Every structure is written in structure tokens, then in C-alpha cells.
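Trainee: This is the structure I want to talk about, given as C-alpha cells.
The values are calculated or read from the model by the stated rules, or taken from the named source; none is laboratory data. Remember, it's a predicted structure, so these values are computed and weren't measured experimentally. Here the Cβ positions follow ideal geometry from the backbone for every residue, glycine too, while neighbour counts run over all protein chains shown.
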Amino acid sequence: MNSEKTQPRITRESLQEALYLFQFIRPYRFHFVAGLILLFLSSGVFMLFPYLVGIMLDVAQGVVLEFDLKHVGARMAIILVFQGVISYWRIKCFAVVSERTTADIRLALYERLIALPIVFFERNRVGELVSRLTNDVERMYNLLYFVLAEFIRQCVVLLGGVVLLTWMSPRLAGVMLLTFPVIVIGAIIFGRWVRRLSRQRQDVLGEVNTILDETLQSIHAVKAFANEAFERLRYGRVNERVVNISMRAASSRALFAVFIVTILFGTLFFILGFGMYLVQTKQMTAGELIAFITYTAVVGGAIAGLSTFYTELIGALGATERIRAILRTPAEKEERPQVNRQAQRLNADIRLLDVHFAYPTRPDVEVLKGVTMTIPAGKKVALVGQSGAGKSTIMHLLLQFHRPQRGDIRIGGVSIYDYELSSYRSNFALVPQEVILFGGTIRENIRYGRPDAHEEEVIEAARKANALEFIQQFPDGLDTVVGERGIRLSGGQRQRIAIARAILRDPAILLLDEATSSLDAESERVVQEALDNLMEGRTSIIIAHRLATVRSADLIYVLDGGRIVEQGTHDELMARENGLYSSLARLQFNLTDVATSSA
Ligand SMILES: Nc1ncnc2c1ncn2[C@@H]1O[C@H](COP(=O)(O)OP(=O)(O)OP(=O)(O)O)[C@@H](O)[C@H]1O
Ligand SMILES: [Mg+2]
């Protein structure tokens, strides 16, 4: 990522952009405004303290005679209580705003993310994305809860303080104000530096989390290949880079702190000396000097605070950038032409017309090179061919995960892109090549096919998928937790759950991508029966490497290198002596012969 280019700066656009996120605050604007008012009040009241301290000193020295110490003390106590009450409500108001707003932003992000087209997830590393967004949302939260409030408070203190100082002693105030430009210029220079480094740190931190995420996801592979040391090295290297960049950022911050402190204290000491002279020459009372010095310290603190909060503010602006980028990425429904033709149950022929397709992440490799095929309504059609021929890709195109660059797909003569997407997809059920389950229970995973299904229907579907038996052997039955991605089940068990899900869905079009590949011969026979029942009367597309599975298909398409090279029934294809299908079949059946004879 080009960090220079994306480095946030407060410009008109970046502010306007940030205001975009303010739409999330709008529902809580009353709390926000109330919080702001309380903030002004509490900061204002706070400004009274130094003044009262000065008066106390003058009372004690007998310079001021109108009050006694008890009076002043009582006033201070009242202010203290008042200040406490205000602060309490202010924090509560900002808490409502920040909690609710960030919850809304999180929800909006989630909604947007799951609506994004598949290609987004092929382009981005999801672990990195999640870690960044979590970070960014946290920064937004800090901004709303704390940073913004502090920033405003310091502004109020600064302005109020300067006005008071000028009113008390224009000459001393003049000296003080002279240091302003120095500090501002310093802040700008250091600010840029810190910002760039903290951005880099974020990027590297994202990488660290990605590695963590990826290795833990593939922990079995890591261990099986005894690659712990290799992974540790990889992780260690990036981790080291985080430290390096962080240390550089820390030194820049440290230098900045030294710079500020030196200038501030230098000025303070100078003012102190000059003030003493004014007291000595009776141009000022000691109480006034104390008040003045205290105000100066307060104003100095505000300046120092402002610079930190300014950096935070800028950083948070950078964080909003990624959030905004995600929220503005077109969802898959927005990418397509806006259509609202609802797909009813699709019981018509499916036609692929000269479909050319390359995955967007690999645009120069054409995976499908002009595929034309018809899948007759209600029939069982098989796709066979070598690994990488493009079989799964055809299913992905049917599900509209991607869109072909050329050609069209029609169902009943209507282009599938003319249908509203959800209604279109609700016609399908997919049993994918690699079944990944949700981390919940078996029941939840089956019910995913139709969330409003009754318990009996779930059980019935499980039975039909030949899954009930193994489910009942678990002590928790349907309530068995399957573990992350279904890791606590065997491949064949996962597959049967996916089949049960498809059965429950009762789709118009069934897509089976190697649906029985992980089953033993006996289970496969039973599940195949269930699938045959399921396929009855609906359009089914099956992919299988084991040709025995596709034998009974009404029509078989043989794919090779993204083209259809043969089509026909099993018998027709077997009749072609040097056809691809018959040679594949010979190979498989010979192998089985060898296997059975040697057993
Ligand atoms: N998401 C993707 N991005 C880029 N290229 C991909 C993607 N998915 C698949 N491919 C490529 O597209 C080609 C066809 O893949 P596809 O998954 O359709 O093969 P297949 O016929 O289903 O093979 P198999 O029998 O091994 O499942 C392959 O060369 C593969 O590398
Ligand atoms: Mg495949």
C-alpha cells in the first residue's frame, strides 16, 4: 500500500469525508450535543480555580479585604461538587454516543462485508482485513469516547486561558503567546513524522495477525510438515519489523515531548522571573502572579494535550478512511444492473451460451473458453473431466459468484443477470467440494438450508442424508458442536451434513460438486440412493471423478481445458473408442479390476 498517498491530512475533502461517518452519530445527536454543552460547562468552571487560588493568596496576605478565606474555600467546594456532577453526566452522554455509534458502524461493516462480491475475498487476505477493521473501529470508539471530547476541552481551556491571561497582564501574556508559532510549527513537523510511522506500524501489525491467523487455520498442515520452525521464523521476522517501526515512532514521539516540555518550561521560567519583578515593583500582587502562572501552566498543558490529541485525531481520520472504503465498496447487488424481476421456482432449461471466463484475480488465464451447453429442466446432468478443467467454475458462474466476460447464461430464455439476486439464488442448493461448516451445532448447520424448518424436518433430512445414525451416536445428538469450520467431524460426516442441508432446502436446482467423494463405498451407496431420490424431478448438476457415480446421468458433458469436448449418455460416450470419456472410464475400471483382483 502506498502510505504516502493514503496519508491523511486535514483538508477540505478529508473533513467532508469524515463527516460522512457523522451520519452514524446523527441518531444520537441529542446526547452528543448535551455532552458538548456539559463539556463546555465543566471546562469553563475548571477555569475558575486558578483565579480563586490567586484571590486566596491575596486574602491571606491581607491585600484583598472584601472576603475571608472561609468564603473563598466554600466557593471552591461548591464549584468542585458542581464540576463533579457535570463531569459524570458528560461522560455518560459521550459513552452513549461512542458505544452506540461504534456498534452501528460495526453492524454496517458486517452487513457490507457479507454483501460484497466473492472476488473481494479472493483479492484480500481476510485475516488482515478483520484485524485492521477491528483496530479502526476501536480507534473510532476512542475518538468519540475520549479524543474528541478532550480535544474540544483543551481548545476551550486554551482560548479561555489566553483571554484571561491577556486581560490580567497583556505584557506577560505577550511573552507567552510568542512561543505559540514555535510550538505549532514543531507540532506540524513532528506530527507528519509520527503519522507516517504509525501508519506503517498498522500495516505491519496487520501482516503479523495474518500470519497468526493463517498458521492457526492450517495448524494440521504446519505440524504434519514439521514446519513450526519455519513459521516461527516467518512470524518472528515480521514481528521484529513491528518493533523496529514502533521504536522509530516512539523516538519521534519522545523527541516531540522533549521539544514541547523544553519550550513550555523555558517560557514558564521566564514568565516567573519577569512576574517576580512586576511583584517587586508593585505592578502586580503575589496572588495575581500565582493566578497568572497557574493559568499559564493550564494553557501550556492544553497546548501539549492539543498536540497529542491532534495526532490522535488525525490517526482516527486515517482509520475512518478504511472503514469508509469498505462501506463504499459496491455490494454485489449494486454491481449488477438494477433489476427487480423476482425469480420464481426455476423449472426451465439452463443454457450456457459461448461462455468465456477468467477469474478476476488471474485475468490472463481463461478458465472457460467458449462453453456452450444445455442442462434440460428436471434432468440429471454430469460434468466430468480432469482436475482443473473448469467444472467447479461452471457451478460458481451459475451461482453468480462471478460473471463471465463474454457469453450469457439463460434459464428459460431469460438471462440469469436479469433476476433479482436473492430470489435467483434461493433456487439453488450446493453441496460443495470442500465442506466447511459453521462453528455451531449440527442442528444449526443443517437448518442453514432453511432456517424456519421444524425439528422433524431437520431429523428427516438428516435421515435421508444417511447422517442420522452417526449423529445419534454422539452423546449430544443434533446439539453436538462441530468445532470451528466443522473440524470435529470427519470429512464424510461433514459431507452428509451438507447433503442434509441441501435436502432440507428442497431447491429447484441442485449442485453437487464431488458430494460423495469422502464416503466409503457402503455409505456412498446409501447416500447416493438418497441423492437419487432428491434429484428426482429437479434439475441437478453433478460433478464426480468416480464415473460410476455419473453413469445414470441423463446427459454427460466432458470438459477438457475449459472446453466441452464430448457430450452424451454413458453408453453413447463409451461407444466412442478414442474418446476422452471412454479412456478415462477404461482407466478407472481397469484400476478397480486390479484393486479387486489383488485384494
Ligand atoms: N478463485 C480462483 N481464482 C483464480 N483461479 C481459480 C480460482 N478457482 C479456480 N481457479 C482456476 O481455474 C481453473 C479451473 O478450476 P476449477 O475449480 O473449475 O476446476 P475443477 O474442474 O473443478 O477441478 P477439480 O476436479 O480439481 O475440482 C483451475 O486452473 C484453477 O486454478
Ligand atoms: Mg472442482
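Trainee: Can you name the number of the only condition in (1) within 13 Å of ligand 1 (Cβ to nearest atom); (2) among the aliphatic types (A, V, I, L, M); (3) not in a loop (DSSP other than H, G, I, E, B) that Ala429 fails?
Mentor: Among (1) within 13 Å of ligand 1 (Cβ to nearest atom); (2) among the aliphatic types (A, V, I, L, M); (3) not in a loop (DSSP other than H, G, I, E, B), the lone unmet condition for Ala429 is (1).
Trainee: Which pairs do you get when a residue that is farther than 17 Å from Val435 by Cα, found in the stretch 392-411, comes within reach of a residue that is within 8 Å of ligand 1 (Cβ to nearest atom) and of a type in the set (Phe, Trp, Tyr), reach meaning Cβ atoms under 9 angstrom, with the pair 6+ apart or on two chains?
Mentor: These pairs meet every condition: His402/Tyr359.
Trainee: Let me ask something else about it. Quickly run through the stretch 138-190 and pick out the residues that are over 30 Å from Leu52 (Cα atoms) and of a type in the set (Gly, Ala, Ser).
Mentor: The answer is Gly186, Ala187.
Trainee: Same structure, new question: When you check Gly273 against the structure, is it touching a residue at least 40 places away in the same chain (Cβ under 8 Å) and either in the same structural domain as Phe180 (by TED's automatic domain parsing) or not in a helix (DSSP H, G or I) (or both), yes or no?
Mentor: Against the criterion (touching a residue at least 40 places away in the same chain (Cβ under 8 Å) and either in the same structural domain as Phe180 (by TED's automatic domain parsing) or not in a helix (DSSP H, G or I) (or both)), Gly273 does not qualify.
Trainee: Just for the stretch 512-557: of the residues that are more than 16 Å from ligand 2 (Cβ to nearest atom) and among the basic types (Lys, Arg), which one is surrounded by the fewest Cβ atoms within 10 Å (Cβ to Cβ)?
Mentor: So the residue we want is Arg525.
Trainee: Also, I was wondering about something else. In the stretch 495-546, which residues are within 16 Å of ligand 1 (Cβ to nearest atom) and within 24 Å of Asp349 (Cα to Cα)?
Mentor: Leu511, Leu512, Asp513, Glu514, Ala515, Ile541, Ile542, Ile543, Ala544
Trainee: Look at the stretch 568-583 and say how many of its residues are in contact with a strand residue (DSSP E or B) (Cβ under 6 Å, 6 or more places away or on another chain), over 15 Å from Ile543 (Cβ atoms) and either within 16 Å of ligand 1 (Cβ to nearest atom) or among the polar types (S, T, N, Q) (or both).
Mentor: Number of matching residues: 1.
Trainee: Of all residues in the stretch 276-305 being free of Cβ contacts under 8 Å to residues at least 24 places away in the same chain and not in a helix (DSSP H, G or I), which is nearest to Arg153 (Cα to Cα)?
Mentor: My answer is Gln283.
Trainee: Just one of (1) at pLDDT below 80; (2) within 16 Å of ligand 2 (Cβ to nearest atom) trips up Gln495, so point out which.
Mentor: Among (1) at pLDDT below 80; (2) within 16 Å of ligand 2 (Cβ to nearest atom), the lone unmet condition for Gln495 is (1).
Trainee: In the set Thr210, Thr294, Thr285, which member is surrounded by 12 or more Cβ atoms within 10 Å (Cβ to Cβ), of a type in the set (Ser, Thr, Tyr) and more than 27 Å from Ala60 (Cβ to Cβ)?
Mentor: Only one candidate passes the filter, namely Thr210.
Trainee: Further, regarding this structure: Can we say Thr361 is within 14 Å of ligand 1 (Cβ to nearest atom), of a type in the set (Val, Ile, Thr), farther than 20 Å from Leu531 by Cβ and loosely packed, with under 15 Cβ neighbours inside 10 Å?
Mentor: Against the criterion (within 14 Å of ligand 1 (Cβ to nearest atom), of a type in the set (Val, Ile, Thr), farther than 20 Å from Leu531 by Cβ and loosely packed, with under 15 Cβ neighbours inside 10 Å), Thr361 qualifies.
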